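Chemist: Encoded as structure tokens, here's the structure I'll be asking about.
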Amino acid sequence: MSSKKNVIVGYDAVSALGTDLAAQWDRAARGASGVGRLTRFPMTRDFPVQISGEVAEIDTTPYAFLSPRSLALWPSPIFKYAMLVVHRALANSGIEITPELSPRVAVTFSSAIGGQDAVLAADRRMIAEGKMPPPYANPNSCINMVGGKISILTGATGPITATITACATGVTSMIIGALLLDAGRADVAICGAVDFALVEPIVAGFATMNGAYQGKPGQVDEPPERASRPFSIDRRGFVISEGAGCIILTTQAFADAHGLAYAIEIAGSSMNSDAHHFVAPYLRTVAGCMADSIDNAGISVQDIASVNAHAASTRIGDKVEYQALKALFGDRIPPVTANKSMIGHAMGASSAIESIFAMEGMLRGIVLPTINYTADPELVLDCVHEGARPVQQEFVLKNSFGFGGCNACMVLHRIA
């Protein structure tokens, strides 16, 4: 385990379960689902995807930086929700970014999809009305602009980078933030991710890839809340959702010097690439990423109390993740929770939100349930399907895997 400790001093999230973190946790602990009917754009009955996990609108009145005037040039929702969770996470941390501290604050907050909705709207306006794109169309679509807007909001002038690794973006953001702290380039890192991918061609594109959940032809439609079912024998693909999560990291020395409260650290981490297939995960490298993160933490596999799985609910993805867990833990795989069963798949933001749920669970001594679970005899797992379970967790393994073979795993350690 590294002698340098990077601790979590604040976090916040919005997801399909709600826009208040405490309410989201309460719903998750009760096994509620945030999945419902897709309403983000008009569609016909034959559109291939009919359900989604949508984030509710927020009351922006208390936040001057989210006023209609401030957001007029930033119509993509990624900016509104990214700035909201960052503002609230910093408030929770107790950190004030002063001009003196500013150069020591890094921003690794990112997005996997970005504001492509703004470009689509501009394209449709060109076709329908013959009008040129608004001047802010391209900035809305620049993925690194999310971090840029956060830098402007907070005044952070330290290192800034967009950590884009598809669905692993949130965890990758935390790992890169920790590396900047380890390298002495910053004392604080604003980490996390945001994605609002419920844009018509993106949703349809996931359907044509056979990745997104679609009802079974010839059968009565299921209730939407039943659709996301990771590790289940009847899993049929992921439910596309929205969300944002921010995690504030600092060095332990900085937190102690400034009287900041913390109880969890990033004990170990790993990133690697499958170099195998553009979407199908590769067992050897997925298992290697898990094993290396545990080794990097300086612990043994027996120390892991629970696993917060990537578990997108795809046939091949869930199978490979199970096989990797089996290769690592043998017949003693710890309890595994799949948060996407409740919040759907928020693309790059999913692993940031799930990391926050994992940390809340560590502090509360609770492993959240995997809902909609029907055992698959080929995937022998304890998915905590009976409901939230009391489990004291000193070490938790968080998995995240993205398109392009981007793997990122992290070991969280409760230190207080």
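The values are calculated or read from the model by the stated rules, or taken from the named source; none is laboratory data. The model shown is predicted, which means the values in this text are computed figures rather than measured ones. So basically every Cβ, Gly included, is an ideal-geometry build from the backbone, and we count neighbours across all protein chains shown.
Chemist: Select from region 380-410 the residues that are among the hydrophobic types (A, V, I, L, M, F, W, C), closer than 30 Å to PHE278 by Cα, at pLDDT 95 or above and out of contact with any Leu (no Cβ under 9 Å at 6 or more places or on another chain) and list them in ascending order.
Modeler: Filtering region 380-410 for residues among the hydrophobic types (A, V, I, L, M, F, W, C) gives 380-381, 383-384, 388, 391, 395-397, 401, 403, 406, 408-410.
With the extra rule that they be closer than 30 Å to PHE278 by Cα, the set shrinks to 380-381, 383, 396-397, 401, 403, 406, 408-410.
Next, from what is left, pick out any that are at pLDDT 95 or above: 380-381, 383, 396-397, 401, 406, 408-410.
VAL380, CYS383, PHE401, CYS406, ALA408, listed by residue number.
Chemist: So which of GLY18, GLY10, GLY31, GLY53 is touching a helix residue (DSSP H, G or I) at 6+ places or on another chain (Cβ under 9 Å), over 20 Å from GLY245 (Cβ atoms) and either assigned by TED's automatic domain parsing to the domain that holds PHE238 or not basic (Lys, Arg) (or both)? Before the answer, list the steps.
Modeler: Numbers: GLY18 fails: over 20 Å from GLY245 (Cβ atoms); GLY10 fails: over 20 Å from GLY245 (Cβ atoms); GLY53 fails: over 20 Å from GLY245 (Cβ atoms).
Answer to the check: GLY31.
Chemist: To continue, here is another question. Of a type in the set (Gly, Ala, Ser), assigned by TED's automatic domain parsing to the domain that holds ILE316 and assigned to a loop (DSSP other than H, G, I, E, B) - does that describe any residue in region 347-363? Quick ask: steps written out before the conclusion?
Modeler: Taking region 347-363 as the starting set, the residues that turn out to be of a type in the set (Gly, Ala, Ser) are 348-352, 355, 358, 361.
In the following step, the residues that additionally are assigned by TED's automatic domain parsing to the domain that holds ILE316 were identified as 348-352, 355, 358, 361.
Subset that is assigned to a loop (DSSP other than H, G, I, E, B): none.
So far as region 347-363 goes, no, none of its residues is of a type in the set (Gly, Ala, Ser), assigned by TED's automatic domain parsing to the domain that holds ILE316 and assigned to a loop (DSSP other than H, G, I, E, B).
Chemist: To continue, here is another question. Have a look at GLY211, GLY245, GLY215 and point out the one that is modelled with pLDDT of 95 or more and either in contact with a strand residue (DSSP E or B) (Cβ under 8 Å, 6 or more places away or on another chain) or not aliphatic (A, V, I, L, M) (or both).
Modeler: Values: GLY211 fails: modelled with pLDDT of 95 or more; GLY215 fails: modelled with pLDDT of 95 or more.
None of the other options fit; the residue is GLY245.
Chemist: GLY404 passes all but one of (1) out of contact with any Gly (no Cβ under 9 Å at 6 or more places or on another chain); (2) in a helix (DSSP H, G or I); which number fails?
Modeler: Of the numbered conditions (1) out of contact with any Gly (no Cβ under 9 Å at 6 or more places or on another chain); (2) in a helix (DSSP H, G or I), the odd one out for GLY404 is (2).
Chemist: Applying the selection to region 378-401, what residues are of a type outside the set (A, V, I, L, M, F, W, C), assigned to a loop (DSSP other than H, G, I, E, B), in contact (Cβ under 8 Å) with a residue 60 or more places away in the chain and in contact with a Ser or Thr (Cβ under 8 Å, 6 or more places away or on another chain)?
Modeler: GLN393
Chemist: Restrict the check to region 370-377 and report whether at least one residue is in contact (Cβ under 8 Å) with a residue 60 or more places away in the chain, surrounded by fewer than 21 Cβ atoms within 10 Å (Cβ to Cβ), in contact with a Phe, Trp or Tyr (Cβ under 9 Å, 6 or more places away or on another chain) and not in a loop (DSSP other than H, G, I, E, B). Quick ask: steps written out before the conclusion?
Modeler: At the first step, the residues of region 370-377 found to be in contact (Cβ under 8 Å) with a residue 60 or more places away in the chain are 370-377.
So of that shortlist, the ones also surrounded by fewer than 21 Cβ atoms within 10 Å (Cβ to Cβ) come out as 374-377.
Next cut, in contact with a Phe, Trp or Tyr (Cβ under 9 Å, 6 or more places away or on another chain) only: 375-376.
The next check asks that each one be not in a loop (DSSP other than H, G, I, E, B); those that pass are 376.
Yes, region 370-377 has at least one match.
Chemist: Would you list the helices (runs of 4 or more DSSP H) that sit entirely within region 251-337 and hold 3 or more residues that are buried (at least 24 other Cβ atoms within 10 Å of the Cβ)? Spell out how you get there, then give the answer.
Modeler: Values: elements: 252-257, 283-296, 315-329.
Because the criterion is at least 3 residues that are buried (at least 24 other Cβ atoms within 10 Å of the Cβ), the helices (runs of 4 or more DSSP H) in region 251-337 that meet it are 283-296, 315-329.
Let's see how each residue does on (1) farther than 13 Å from ILE356 by Cα; (2) surrounded by fewer than 23 Cβ atoms within 10 Å (Cβ to Cβ); (3) touching a strand residue (DSSP E or B) at 6+ places or on another chain (Cβ under 9 Å):
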| residue | (1), (2), (3) |
| --- | --- |
| LYS5 | yes, yes, yes |
| VAL14 | no, no, yes |
| LEU17 | yes, no, yes |
| LEU38 | yes, yes, yes |
| PHE41 | yes, yes, no |
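Chemist: Can you list the helices (runs of 4 or more DSSP H) lying wholly within region 44-132 that have 3 or more residues being over 23 Å from the mean Cα position of the chain (by Cα) and farther than 28 Å from ALA166 by Cα?
Modeler: Details: elements: 68-71, 77-93, 116-129.
Ranges flagged: 68-71, 116-129.
Chemist: In addition: Of ALA204, ALA193, which residue is outside any loop (DSSP other than H, G, I, E, B) and modelled with pLDDT of 95 or more?
Modeler: Details: ALA204 fails: modelled with pLDDT of 95 or more.
ALA193 is the lone residue from the list that is outside any loop (DSSP other than H, G, I, E, B) and modelled with pLDDT of 95 or more.
Chemist: Of the conditions (1) in contact with a helix residue (DSSP H, G or I) (Cβ under 8 Å, 6 or more places away or on another chain); (2) buried (at least 20 other Cβ atoms within 10 Å of the Cβ), ILE95 satisfies every one except a single condition; which number is it?
Modeler: For ILE95, the exception is condition (1).
Chemist: Looking for whichever is assigned by TED's automatic domain parsing to the domain that holds ALA207 and buried (at least 18 other Cβ atoms within 10 Å of the Cβ) here; the options are TYR81, TYR63. Which one fits? Show your work before the answer.
Modeler: Working: TYR63 fails: buried (at least 18 other Cβ atoms within 10 Å of the Cβ).
Matching residue, one of TYR81, TYR63: TYR81.
Chemist: I've got another one for you. Kindly indicate the residue of region 140-188 that is in a loop (DSSP other than H, G, I, E, B) and β-branched (Val, Ile, Thr) and also surrounded by the most Cβ atoms within 10 Å (Cβ to Cβ) among those meeting that condition.
Modeler: At the first step, the residues of region 140-188 found to be in a loop (DSSP other than H, G, I, E, B) are 142-144, 155-159, 161-164, 166, 168, 183-187.
Remaining after also requiring β-branched (Val, Ile, Thr): 143, 157, 161, 163-164.
Values: ILE143: 19, THR157: 16, THR161: 16, THR163: 28, ILE164: 21.
Applying the filter and picking the extreme gives THR163.
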